[in-house]
Amino acid sequence: MEKEVIVIENATEKYAALDAFIEDHLEMAGNLIIILQEAQSIFGFLPREVTAHIAKKTGQTQAKIYGVATFYTQFRLTPIGKNLIMLCQGTACHVNGSQLIEEAVCEELEIKDGETTADGLFTLNNVACLGCCSLAPVMMIQNADGEETYGNLTKEKVVEILRGIREADTSAAS
Amino acid sequence: MRILIGQGSCGIASGAKKTADAFAHQLQVIGKNQVVVDKTGCIGICYLEPIVDVYEDDGKLTRYTKVTEDKVPRIIEEHIIGGVPVEEFIISDSGQEFLEKQTRIALKNCGLIDPENIDDYINVGGYEALKKALTQMSPEQICDEISESKLRGRGGGGFPTGRKWQQVRQQKEPVKYVVCNGDEGDPGAFMDRSIMEGDPHRMLEGMIIAGIATGSQTGYIYVRAEYPMAVHRLKVAIEQARERGFLGENILGSGVNFDIRINLGAGAFVCGEGSALTASIEGNRGMPRVKPPRTVEKGLFEKPTVLNNVETFANVPEIILYGATKFAQVGTEKSSGTKAFALTGNVNNTGLIEVPMGTTLRQVVMDIGGGVKNGKAFKAVQIGGPSGGCLTSRHLDLPLDFDSLKSVGAMIGSGGLVVMDEDTCMVSIARFFMNFTNNESCGKCVPCREGTHVMLEILDDIVEGRGTEESLDMLMDLASTISETALCGLGKTAPSPVMSTLSEFKDEYLAHVIDKRCPAKQCPGLARLVIDPVRCKGCGKCIRFCPVNAIRGSLKNPHYIDEDKCIKCKVCMESCAFDAIEYVQ
């Protein structure tokens, strides 16, 4: 496998936060998923060196950790963009044209499901169901400010939302 | 005066948060600080969100619907200040009827109380059932009461809840667990989310009573990480219940201990299956194991475990407080009580409804649901998600309960009801579910892992025009093998959508494989692009744009498309200045 060097920003603080959490949960039965969830919320994803670190701290094998991390859709082994688009592909959304919405997102951002835009602003994830079926088609966008749900999407509306986020980001940067 | 604004996930997505902020801000500006602005859960009339309830000091309620931010100033000016309700925004009669036609037990308080305020729950009789269970009933009596109510698990299986509790109670092992399954993974179902967001204390109370009845001291709530709002409100509720002594050590001075913790599901549909769910709480890959031993004997951490879903626990306080007999009067003889359904898809009134078991499909879809959207014809209802089947117009008078549904090859599942109109392709729906289960198969047993994959390939062939009549035989063959040999419920029921659509809509499958035609005009693989010779001016633009040189014709003469070469990318269609190119079935 090709080894990619990923530099973790503020690594010392992040590891300290993770270690404190592991310390608190070391005695708890079945702690692995909870620790991985915390690690992902600290680092944004699960870099290999972090899972190795968790293995050392908890005494679990790296193989087991990798097995758990790859089983659940929540865990990511690669970094994601600033905005995570969770596009609902539930039944109600499907019946109401979620495929067309996906096409519009892919066209606008030039990425496919699971990919991140070159500027690191958006990652697209198709998800099973967000539980807002009455507003189908729906997407949820998660970023540093929390998450926002957008319902009754149309091709035009979704493009407008994405452009709005991009503009806000550009003006915040300048 | 109190203003309650429905802020479940779906209400917020409709703009309820902005409405709430506008109320709070504008009331503050005019100095009306005595008016309280609170949040509540989802009342279920999703198609009329955001919903605002204004309570006068004498308790009189005015309910406004579709209150977007811009409507706030008028309500404040005319109603809050002027004392005259804004007639125009008040809930319509049909909206009111949507609520009145229901019987609410599990969803009783959703949309009426502030879920983050324990006093709101206590004021409507909350935690009274717990007090009764602690002071007036023995654990044995609690189990008996639940058994007599004939309450059956609302998560899909329909196992008698009382019997489950009884079995766990009788285990000799001193350490036992109560687990609440809030991993609502069915695409198209959201009743559990609404309960957790709208009335979390009710579910906690049910769990605590289960703990007392079975002699367990620890409860786990396994809730989807995709439901951040539900997680937040559960955390708040647990904290408040501990403060009031309803939860934790020595509950209400009775000497009984029971505490609850939350585990976040990491996104795996299979974790709705009991043994996979407990494996996940234990920090492992969520894969089901061979049974027996059953969860009631060896569940979480190998200890006896009561595993029920959110809606089941939410029914418990009602049974304890008002008695099993009263509860069993609602519903049918073998399926007592009510069932919450998430009514979605191509239906006029989308939302969350709760009706007595045995209510007919017609009552739910046509009456409460207001019929099919845009005046289209009713085609089918998909019930029970990826494990369920479809019901057609000939099932409209079928009572919705555990056994009636089972008899027609469907299941109540968690209660997702997706209405489909005449424009829905049933083959594509079957493919949609097969794709879902194939993705979610945990990979442990071969029939499910490989079988769903092959079934999906066959369905892909059919919707893309490569299917033959033989494909249908193969589908049926695989379907029966998988349902007989798969390890867990996910695998066993994975072929259900295919089997049920194949038996109800065989002609539609045949149209796909023989005529290479999709009757609903939904399958892009079966469509073709044609140039209208009248509108085509022969400009040659499409010829230049076509990436595979599939368009022929000379200048100023109508062009035509070579179907063998065409890849249906529609570039020509977009390039045509005269709208001469059409996509037809």
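The values are calculated or read from the model by the stated rules, or taken from the named source; none is laboratory data. What you see is a predicted model, and the numbers here were worked out from it, not measured in a lab. Every residue, glycine as well, gets a Cβ built from its backbone with ideal geometry; the counts of neighbours run over all protein chains shown. Note: areas computed on protein heavy atoms with side chains; ligands, DNA, RNA excluded. Shrake-Rupley method; radii C 1.70, N 1.55, O 1.52, S 1.80 Å.
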With every protein chain in place, the accessible area of B:Phe269 for a 1.4 Å probe, in Å² rounded to the nearest 10, comes to 30
When the charge dipole of chain A is computed with +1 on Lys and Arg Cβ and -1 on Asp and Glu Cβ about the Cα centre, the Cα farthest towards its positive end, among A:Leu124, A:Ala104, A:Tyr150, belongs to A:Leu124
Given Cβ charges of +1 for Lys and Arg and -1 for Asp and Glu, the option among B:His559, B:Val270, B:Gly31 whose Cα lies farthest towards the positive end of the dipole of the protein assembly as shown is B:Val270
Of the residues B:Gly465, B:Ser500, B:Ile543, the Cα lying farthest along the dipole of segment B:443-551 towards its positive end, which is defined by charges on the beta carbon of Lys, Arg, Asp and Glu, belongs to B:Ile543
Carbon and sulfur atoms account, in whole percent of the 1.4 Å probe accessible area of segment A:11-71, for 52
With the full set of protein chains present, the residues of segment B:341-375 whose 1.4 Å probe accessible area falls by 20 Å² or more relative to the chain alone are B:Thr344, B:Gly345, B:Asn346, B:Thr350
Buried by partner chains in segment B:250-297 (accessible area down by at least 30 Å² vs chain alone, 1.4 Å probe, heavy atoms, protein only) are B:Arg261, B:Leu264, B:Ala266, B:Gly267, B:Gly283, B:Asn284, B:Arg285
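Which percentage, to the nearest 5, of the DSSP beta bridges contained in chain A is antiparallel?
Numbers: 10 of 16 bridges.
Among the beta bridges of chain A, antiparallel pairing accounts for roughly 60 percent.
Quick check: at a probe of 1.4 Å, how many percent of the accessible area of segment A:83-173 sits on carbon and sulfur atoms? Write out the running numbers ahead of the final one.
Details: 1810 of 3990 Å².
C and S fraction of accessible area: 45 percent.
So how strong a dipole does segment A:83-173 carry about its Cα centre when Lys and Arg Cβ are +1 and Asp and Glu Cβ are -1, to the nearest 20 debye? Spell out each step's value before the answer.
Values: 5 positive and 15 negative charges, 52 e Å.
It works out to roughly 260 debye.
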Given backbone amide H placed at 1.01 Å from N, residues whose amide H is under 5 Å from that of B:Val179, ignoring those fewer than 5 places away on the same chain, are B:Tyr220, B:Val306, B:Leu307, B:Asn308
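Dipole magnitude of segment A:11-71 about its Cα centre, charges +1 at Lys/Arg Cβ and -1 at Asp/Glu Cβ only, in debye to the nearest 20? Please report the intermediate quantities before stating the final value.
Working: 5 positive and 7 negative charges, 61 e Å.
Computed about the Cα centre, the dipole is about 300 debye.
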Once the in-chain neighbours fewer than 8 apart are removed, the aspartates and glutamates whose Cα is under 19 Å from B:Lys506 read B:Asp421, B:Glu422, B:Asp423, B:Glu457, B:Asp460, B:Asp461, B:Glu464, B:Glu469, B:Glu470, B:Asp473, B:Asp477, B:Asp515
Expressed in angstrom and rounded, the centroid-to-centroid distance over alpha carbons for segment B:118-180 and segment B:556-571 is 67
Expected field for B:Ile30, accessible surface area in Å² at 1.4 Å probe radius, rounded to 10, holds 80
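Can you give me the accessible area per residue for segment A:83-173, using a 1.4 Å probe, in Å²?
Details: 3990 Å² over 91 residues.
In whole numbers, segment A:83-173 has 44 Å² accessible per residue.
At a probe radius of 1.4 Å, figure out the B/A buried accessible area, summed over both chains, and give it in Å² to the nearest 100. The partial results should precede the final answer.
Working: alone 24080 and 10610 Å², together 31590 Å².
Using a 1.4 Å probe on protein heavy atoms, the buried area is about 3100 Å².
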Scalar couplings 3J(HN,Hα) for segment B:150-164 by Karplus 6.51 cos²θ - 1.76 cosθ + 1.60 (θ = phi - 60°), nearest whole Hz, x for Gly and Pro, are 6, 4, 10, x, 8, x, x, x, x, 6, x, 5, x, 5, 4
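Which entries of B:Lys18/B:Lys39; A:Lys82/B:Lys66; B:Lys298/B:Lys444; B:Lys18/B:Lys66; A:Lys57/B:Lys235; B:Lys303/B:Lys492 show an alpha-carbon separation above 23 angstrom in the structure shown? Mind showing how you got there, number by number?
On the way: B:Lys18/B:Lys39 12 Å; A:Lys82/B:Lys66 32 Å; B:Lys298/B:Lys444 20 Å; B:Lys18/B:Lys66 12 Å; A:Lys57/B:Lys235 28 Å; B:Lys303/B:Lys492 26 Å.
Check vs 23 Å cut-off fails for A:Lys82/B:Lys66; A:Lys57/B:Lys235; B:Lys303/B:Lys492.
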Counting only protein heavy atoms with a 1.4 Å probe and every protein chain in place, the carbon and sulfur fraction of the accessible surface of segment B:159-229 in whole percent equals 46
Note, segment B:312-322: 3J(HN,Hα) by Karplus (6.51, -1.76, 1.60, θ = phi - 60°), whole Hz, Gly/Pro = x, goes 4, 4, 5, 7, 4, x, 4, 5, 5, 6, 9
Computed over segment B:144-197, protein heavy atoms only, probe 1.4 angstrom, the accessible area per residue in square angstrom equals 32
Sorted by chain and number, the residues with a modelled amide H under 5 Å from that of A:Asn96, at a separation of 5 or more or across chains, are none
